[in-house]
Amino acid sequence: MYRLNLMTKRKNRRSAMSTVSALILTASCVVLLIAPAVPVAASKGRVLKADHPSWVEKSIPGATGAVNSIQVKSGDPRYLCAVVEGSNLIYSSSDGGSAWLSTASASGQPFTALAASKVSSAIFYALDLDNRVYRNLNSGAQWTQLSILPGPASDIDTGGNATGMVAATGAPAQNMSINYSADGGSNWNVGASPLSEWSLAAGDPTDSNVFYAAQEATSTAPIFNSADSGISWTVCGTLPGSASIHVTAIAVFPNGGPVLIGTDTAGGGQVYRSNDGGVAWTATAAGLPAGEAVLDVSVSNSSPAIAYAATDKGVYASYDQGTTWCDISNNLPEKEYRSVSASGGTANAVFAGAADGTLYKSCAPVVTSLNPSSGSTGDTITITGLNFGSGGAGSYVSFAGVSASIYPTWTDTLIKAQVPAGAMSGGVFVVTPQGSSNSAEFTIISAPVAYTWYLAEGCTGQDARGAFETWVLIANPGETAADVLLSFMTEEGPQNGPSISVPAGSRESVRVAEFVPNTWEVSTTVASDQPIIAERSVYWSAQDCFRRSATDSIGVTSPATTWYLAEGCTGQDARGSFETWVLVQNPGTQAASVVLTYMTPEGPVIGPYLIIAPGSRKTFNVADTLPNCWSVSTTVTSDVPVVAERSMYFNTAAAYRQAATDSIGARFGSKTWYLAEGCTGIEAQGAFETWVLVQNPRPEPANAQLTYMTPAGPVTGPAMTLEPNTRKSVSIADVAPNTWDISTMVTSDQPVIAERAIYWSSPECFRNSATDSIGVTSPATSWCLAEGCAGVNDQGAFETWVLVQNPGSQAAYAHVTYMTGKGEVEGPTLTLPPNSRQTVNIADVVPGNWNVSTSVTCDVPVIVERSMYWNAPGALRQAAHDSIGVAQ
């Protein structure tokens, strides 16, 4: 771990001078200390997250001062050393911090700094308050005095060869030149640097001639560098904006990589980065919360792209050489951390030292490969990596949020896991009691239709303003009749539903009010002995208007502990107001502790916390926490798997709940999203507006690009940066106005969530109706859409449109088949050019048919959605809804 030091080095040194006696020891004393590993409970305000490490306490018995410096052997986390403020003992461990050896300084004075050789990972160096330099040749177990510096020093570090070293010398009212050594620290020479109080030293891991040093005093140009092994020194560039800061850490990446400096100066950039050896600097604190002081930064040559930072609140990691940062504190208590160090390499372990003397270790599992990296549910894949443990309680493999349950093999370095039912394309990661691994992408190439579906939304309530009707729509695309059982979950608990038989290649509809009438909160579970597809439609009828608004959504095939809902609004203006409801279904057998977090353009807002009883459903009004907020995304977290949806209503002065939308949540973020539907067309009867809503639930910024696909080909949309835990909305008409058929592809350098909302406005009525849907993360060659209707009666008529998006680089040939109550009906065959979209009106083939499901098959992967409109007499598109299809 390369020398990066900490903020309070000068303060700690002065404190030690006044409190430690001048006792001189003639021989070192070695003591063996055993520290049991203590699991760390999540501190208040922190939420345990996948893809983040968890920490265990590895504190040094008897150590009470701040852990001011840690050095871990590069590539081997068994070996580490630590310096504790005010202690004349240096602590060493050879088993990852479980047991410790202590060695006393020869001077009796406290140790103040540590360094590691950049050439031989087994060699460590230490400095004490009497300016004595020590060396260890066997990974920290035995220390010997090497030399004495000619004056006071705060820090030492090694260079890119076995002989070069530099010492940051000087003290308050005692300015000195930087010292250097050309023989591995045995002898020291005075360098040609300005006289100053130097606080930090850092050597380049690769270039043996290059060193850096920092002045203790606050300055706009506090960093100096040497290009001749410490003999001469020149000042580096001024910080951006002429910021005057106090430097707390210097980090130098290997192989010609950048230089990082940390600061504890209020209002500063926290971390600055130079890509040219200190000539120019940029602030690179993206992802670090404003106001947190950076007290230490560290880099390991064994993982040359990763940096770690300790702050006065937690621990952070950067996976792009310090450009952006993410919070890896997870279950660490929120307090001041003085030091951080990591071994790097495939068995990486991170150690963090706190101001109260505690030391923590994270040794999360690491996934190095998946074999194969694509497949179907039921397949067995091999996961190779490190730190998997032996399996058992608290250990599992997650496929994009769906946990596997069958493991033919589980060892510390290899797991064989069966892809679970309901798994979708996305990240696969391993979870153990020590934390969660990095994720590796796995692609579902043939997602079988599920046997169980969960539908969180539903309502049959009535009051003076109007009434809801809810329909569950079941498609059987198979060749065998399906026996299906419905059960309903209400605020009061579970209710039994009907048992029905759905013939092969057909569709059935169930009116929920026949079983749970006048119930405001109803979720549904649909279970079958054959593969089926389940959707749910909801209609709102006002006293004077039948089916004033409507929503629809496909169900989900499994509950999860985390859900993301990109859309949401509680805004109000002269034209109307939005209401947004988050609907959480607990289909399990134990109570669920659920927390909502809202994400706005200004950042995250903590929402409500609630216990949801088994077999029940609860509803959250977003406006209770965030009234009059125009852009709100939601993250739902739970200690047991649940199902989450979100419904929205638009109210005008003339019509309560004039328009409505609904969508399921996403269980994970993705770097690519596809949204087949979209329209900005304008005609005499009205106009469409389409919005793409992008949520970034991660702790680092996301850079996203939108691309639109039309019958004429692709159109480049906007690029945008989403700050951590924020949401942005994009109006497609800004780039593609008056275009009737538009699909969207969203790509990002970080996993995000994407939805799309559409509003229809007639000349007489603003936002007369609306639709919304989550996107899909990957195309497929076969899709099924359970809902669909072309029925007509004296109350009105339905129109149903199937939307097919081809995001690929070659033409696609797609065939449409309709499933009705009387069996299958062949639909049209389509040719879609690359990066284009086409629309199919089902009434062209099955006019007047009330129950229609749709199957779309294609020779290349495509995306399929379905939009529906309800036309009342004299009111075109009075209500509408939309849903993604299900890949088969």
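The values are calculated or read from the model by the stated rules, or taken from the named source; none is laboratory data. In this text, all values refer to a predicted model and were calculated from it rather than measured experimentally. Cβ sites come from the backbone with ideal geometry, for glycine too, and all protein chains shown count toward neighbours. Side chains included, ligands, DNA and RNA excluded: accessible areas come from the protein's heavy atoms. Shrake-Rupley method; radii C 1.70, N 1.55, O 1.52, S 1.80 Å.
Out of all the residues in region 308-355, which are in a loop (DSSP other than H, G, I, E, B) and hydroxyl-bearing (S, T, Y)?
Y319, T323, S329, S343, T346
Quick check, is A266 open to solvent by less than 50 Å² (accessible area, probe 1.4 Å), assigned by the TED database to the domain that holds S154 and closer than 23 Å to S339 by Cα? Explain how you work it out, then say what you get.
Values: open to solvent by less than 50 Å² (accessible area, probe 1.4 Å): no; assigned by the TED database to the domain that holds S154: yes; closer than 23 Å to S339 by Cα: yes.
No, not satisfied.
Does D296 meet the test of being among the acidic types (D, E) and surrounded by 24 or more Cβ atoms within 10 Å (Cβ to Cβ)?
On the way: among the acidic types (D, E): yes; surrounded by 24 or more Cβ atoms within 10 Å (Cβ to Cβ): yes.
Here the answer is yes, as D296 does meet what is asked.
Which one of these is under 20 Å from the mean Cα position of the chain (by Cα) and aliphatic (A, V, I, L, M): A286, A249, A280? Explain how you work it out, then say what you get.
Details: A249 fails: under 20 Å from the mean Cα position of the chain (by Cα); A280 fails: under 20 Å from the mean Cα position of the chain (by Cα).
One residue alone meets the criteria, A286.
Say we look at region 94-124 and pick out the residues that are open to solvent by less than 10 Å² (accessible area, probe 1.4 Å) and in contact with a Gly (Cβ under 7 Å, 6 or more places away or on another chain); which of these is farthest from A162 (Cα to Cα)?
It comes out as P110.
When T600 is evaluated against the numbered criteria (1) open to solvent by 20 Å² or more (accessible area, probe 1.4 Å); (2) of a type outside the set (A, V, I, L, M, F, W, C); (3) within 21 Å of P697 (Cα to Cα), which criterion, by number, is the only one it fails?
Of the numbered conditions (1) open to solvent by 20 Å² or more (accessible area, probe 1.4 Å); (2) of a type outside the set (A, V, I, L, M, F, W, C); (3) within 21 Å of P697 (Cα to Cα), the odd one out for T600 is (1).
Can you work out which of the residues in region 216-237 that are without any contact (Cβ under 8 Å) to a residue 24 or more places away in the chain and not aliphatic (A, V, I, L, M) is most open to solvent (accessible area, probe 1.4 Å)?
This residue is T234.
Suppose we filter V366, V340, V402, V397 for residues that are in contact with a Phe, Trp or Tyr (Cβ under 7 Å, 6 or more places away or on another chain) and of a type outside the set (D, E); which single one remains?
Details: V366 fails: in contact with a Phe, Trp or Tyr (Cβ under 7 Å, 6 or more places away or on another chain); V402 fails: in contact with a Phe, Trp or Tyr (Cβ under 7 Å, 6 or more places away or on another chain); V397 fails: in contact with a Phe, Trp or Tyr (Cβ under 7 Å, 6 or more places away or on another chain).
Only one candidate passes the filter, namely V340.
Residues checked against (1) hydrophobic (A, V, I, L, M, F, W, C); (2) outside any strand (DSSP E or B); (3) under 24 Å from R727 (Cβ atoms); (4) in contact with a strand residue (DSSP E or B) (Cβ under 7 Å, 6 or more places away or on another chain):
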site	(1), (2), (3), (4)
M745	yes, no, yes, yes
S748	no, no, yes, yes
R767	no, no, yes, yes
A770	yes, no, yes, yes
C789	yes, yes, no, yes
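Collect the residues in region 551-575 that are part of a strand (DSSP E or B), at pLDDT 90 or above and open to solvent by less than 10 Å² (accessible area, probe 1.4 Å), keeping them in residue-number order. Give the steps one after another, and end with the answer.
Of region 551-575, the ones part of a strand (DSSP E or B) are 551-554, 556, 560-565, 572-573.
If we keep only those that are at pLDDT 90 or above too, we end up with 551-554, 556, 563-565, 572-573.
Once the filter is applied, which keeps residues that are part of a strand (DSSP E or B), at pLDDT 90 or above and open to solvent by less than 10 Å² (accessible area, probe 1.4 Å), region 551-575 yields T551, D552, S553, I554, W563, L565.
Quick one: in region 619-645, of everything that is at pLDDT 95 or above and charged (D, E, K, R), which residue is surrounded by the fewest Cβ atoms within 10 Å (Cβ to Cβ)?
The residue in question is D624.
What residue, of A305, A202, A213, is surrounded by fewer than 24 Cβ atoms within 10 Å (Cβ to Cβ) and either assigned to a strand (DSSP E or B) or not acidic (D, E) (or both)?
Working: A202 fails: surrounded by fewer than 24 Cβ atoms within 10 Å (Cβ to Cβ); A213 fails: surrounded by fewer than 24 Cβ atoms within 10 Å (Cβ to Cβ).
After applying the criteria, what remains is A305.
Do you know which residues across region 838-886 are in a strand (DSSP E or B) and more than 24 Å from G555 (Cα to Cα)?
If the condition is that a residue be in a strand (DSSP E or B) and more than 24 Å from G555 (Cα to Cα), then Q838, D859, V860, N871, A872, A875, L876, R877, Q878 are the ones that fit.
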